[in-house]
Amino acid sequence: MASGQTSSVEVTRALLDRTAAVDEQVHAYLHVDGEGALAAAADIDARRKAGEQLGALAGVPIAIKDLMATKGLPTTAGSKMLEGWIPPYDATVVANIRRAGLPLLGKVNMDEFAMGSSTEHSAFGPTHNPWDLDRIPGGSGGGSSAALASFQAPLATGTDTGGSIRQPAAVTGTVGTKPTYGGVSRYGLVALASSLDQAGPCARTVLDTALLHEVMAGHDPMDSTSIDAPVPPVVEAARRGDVKGLKIGIVKELTGDGYQPGVLARFNESIELLVEAGAEVVDVSCPNFEYALATYYLILPSEASSNLARFDAMRYGLRVAPEGIASPSAEQVMAASRDAGFGDEVKRRIILGTYALSSGYYDAYYGSAQKVRRLIAQDFDAAFTQADVLLSPTAPTTAFRLGDKLDDPMAMYLNDIATIPANLAGVPGMSLPSGLADEDGLPAGVQILAPAMADDRLYTVGAALERALTDRWGGPLLAQAPELTAKGA
Ligand code: GLN
């Protein structure tokens with residue numbers, strides 16, 4: 001675009017055509033805003049023509065996760081509860097993205113209220129993995145990862161409370177970063193668990209991810225947990241991509257038993273490539289990570305049950321009249337509405353969280369979980385005295401089949417075993433493709449973790465590893481994905 005070879009309108013139109021051709025099979029989008037995207041693209045083209053100095057991503061279209069408030073565009077968080085809601089304002093990240101001149105292609109699918117690892121909990125039907133349409137694209141941000149992997153969008157936004165940016169990236173051969181907690185504003189995002197939620201960038205390359213990270217991040221007075229400090233130099237780091245002299249810690253507790261052999265093989269190959277590129281590898285142990293999943297599934301439901309209490313059918317959202325009651329009380333309307341508006345997984349977590357917070361059990365469950373959370377953060381602190389970054393597989397397996405884990409919450413929860421510690425401690429993490437697992441030929445992901453506010457280290461290491469891996473593959477991993485063609489074409 002900058003050199004005049006193409007225009008934002010041309011690119012946007014091509015992406016909209018692609019969506020018209022393939023999204024019937026993938027179902028990445030819940031809402032496409034062709035008209036709005038083309039208008040924004042035309043505006044950027046005109047400004048470029050007039051000689052205005054524009055940012056690196058000006059004119060590059062983007063897909064937005066459907067829990068980010070977008071002025072004038074529906075925002076459902078994957079729930080019937082919010083169906084038909086059109087926000088009167090933009091989330092700060094969305095405002096930042098619009099200001100940087102990125103046309104919004106539309107809103108992409110997700111597990112209801114971001115609870116899940118497969119996008120099957122969306123009230124509007126699942127998204128399919130472009131590598132194999134019978135498999136899950138990860139979750140909760142499966143719409144984002146599938147839109148990228150099926151070339152319906154070059155950039156997407158995500159949110160990561162326990163892995164919802166990184167795990168979808170891993171199972172679709174794409175890249176995603178969960179920034180340091182407080183590095184990106186939460187204002188205008190439908191809240192899941194406020195002390196864990198963090199919005200971040202999703203893309204197909206490490207540099208693209210860094211460019212979007214820079215656009216999304218920064219201090220926001222509208223978010224009380226926003227960090228008032230300069231955004232780490234992520235773009236510079238992604239351009240440099242150098243690991244010479246860096247110490248990389250391999251977390252003992254995040255490999256081995258329970259990980260698919262092909263995922264581990266690709267992980268070990270990544271370690272070898274980093275050593276070849278000049279990094280030093282050390283083994284580190286984080287003994288309390290063993291309790292991360294249990295801790296998360298007390299803290300998350302507790303916060304979620306509190307956050308979701310606002311959907312009471314009185315102020316906004318779905319309102320359902322209880323059947324067979326002539327003049328129902330407010331409480332009867334609330335109960336009927338919450339019964340109709342929330343899906344099974346959301347109800348499960350509200351019940352769990354309400355129980356964990358109840359007066360008789362608060363200390364035993366929520367209180368204990370907060371203490372273990374501190375121990376997990378201390379494990380990170382200790383590990384980062386031995387290593388500059390930590391490395392692990394992102395998810396224990398490649399994409400599983402749709403339906404396989406839907407009736408087994410525990411199996412679903414185990415997908416996030418390697419990603420959850422970072423959310424509990426507030427540290428940043430990235431997932432990038434490590435290659436195809438031998439057993440099934442599906443993409444696996446490698447996770448990089450860094451200390452809080454050292455997000456740039458993710459990009460230094462990620463870019464170096466991506467370069468070494470793409471040299472080995474002879475091009476990007478997604479070039480090996482099967483071609484999607486329009487139904488009947
Ligand atoms: N899969 C995890 C969960 O179900 C993570 C969700 C998220 O990061 N939003 O809670």
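A short reminder: the numbers here are calculations on the coordinates, not readings from a lab. As the structure is a prediction and not an experimental result, all values here were calculated from the model. Glycine gets a Cβ as well: all are built from the backbone with ideal geometry, and neighbour counts include every protein chain shown.
What the phi angles of the range 348-356 give under the Karplus curve with 6.51, -1.76 and 1.60, with θ = phi - 60°, is a coupling list of 4, 6, 5, 5, 4, x, 5, 5, 5 Hz, glycine and proline written as x. Counting only Cα atoms, the range 1-91 measures 45, 31, 19 Å along its principal axes, largest extent leading. Annotation for the range 376-403 versus the range 284-322: alpha-carbon center distance of 22 Å.
Give the separation of the Cα centroids, the range 423-489 to the range 243-269, in Å. Centre-to-centre (Cα) distance: 14 Å. Computed from Cα atoms alone, the Kirkwood hydrodynamic radius reported for the range 25-158 is 14.9 Å.
Dipole of the chain computed with +1 at Lys/Arg Cβ and -1 at Asp/Glu Cβ about the Cα centre; of Val251, Leu432, Leu274, farthest Cα towards the positive end is Leu432. Equivalent-ellipsoid semi-axes for the range 1-43 (Cα gyration tensor, √(5λ), whole Å, largest first): 22, 12, 6.
A protection proxy built from the mean count of other Cβ atoms within 10 Å ranks the segments 284-294, 470-480, 312-322, most packed first, as 284-294, 312-322, 470-480. Packing order of peptides 122-133, 138-149, 345-356, highest average first: 138-149, 122-133, 345-356 (average count of other Cβ atoms within 10 Å over each peptide's residues). A simple packing score, the average count of other Cβ atoms within 10 Å per residue, orders the peptides 323-336, 82-95 as 82-95, 323-336, with the highest score first.
Under Stokes-Einstein, with the Kirkwood radius over Cα pairs as Rh, the value for the chain at 37 °C and 0.692 mPa s is 146 µm²/s.
Computed over all pairs of different Cα atoms, the Kirkwood value for the hydrodynamic radius of the range 313-424 is 18.2 Å.
Annotation: amide H-H contacts under 5 Å for Lys65 (H modelled 1.01 Å from N, sequence separation of 5 or more, or interchain): Val108, Thr157. The eigenvalues of the Cα gyration tensor, multiplied by 5 and square-rooted, give the range 289-332 an equivalent ellipsoid with semi-axes of 35, 11, 7 Å from largest to smallest. When the Cα positions of Ser117, Ser224, Ala156 are compared along the charge dipole of the chain, Ser224 comes out farthest toward the positive end, with charges on each C-beta of Lys, Arg, Asp and Glu. Each principal axis of the range 330-489 carries a Cα extent, and these read 61, 57, 27 Å when sorted largest first. When shorter helices are ignored and each DSSP H run of at least 4 residues is given -39500 (n - 2.57), the per-residue value for the chain at 222 nm works out to -11500 deg cm²/dmol. Beta bridges from DSSP with both residues in the chain: antiparallel share about 70 percent, rounded to the nearest 5.
Rounded to the nearest 20 debye, the dipole magnitude of the range 1-156 is 520 debye, with +1 charges on Lys and Arg beta carbons, -1 on Asp and Glu beta carbons, and the Cα centre as origin. With an a/c value of 1.5 or above and a/b not larger than b/c for the gyration tensor axes a ≥ b ≥ c computed over the alpha-carbon atoms, the range 419-471 is described as oblate. Computed about its Cα centre, the charge dipole of the chain is approximately 860 debye, with only Lys, Arg, Asp and Glu carrying charge at their Cβ. With neighbours defined as other Cβ atoms within 10 Å of a residue's Cβ, the residues Ser164, Ser118 order from fewest to most as Ser118, Ser164.
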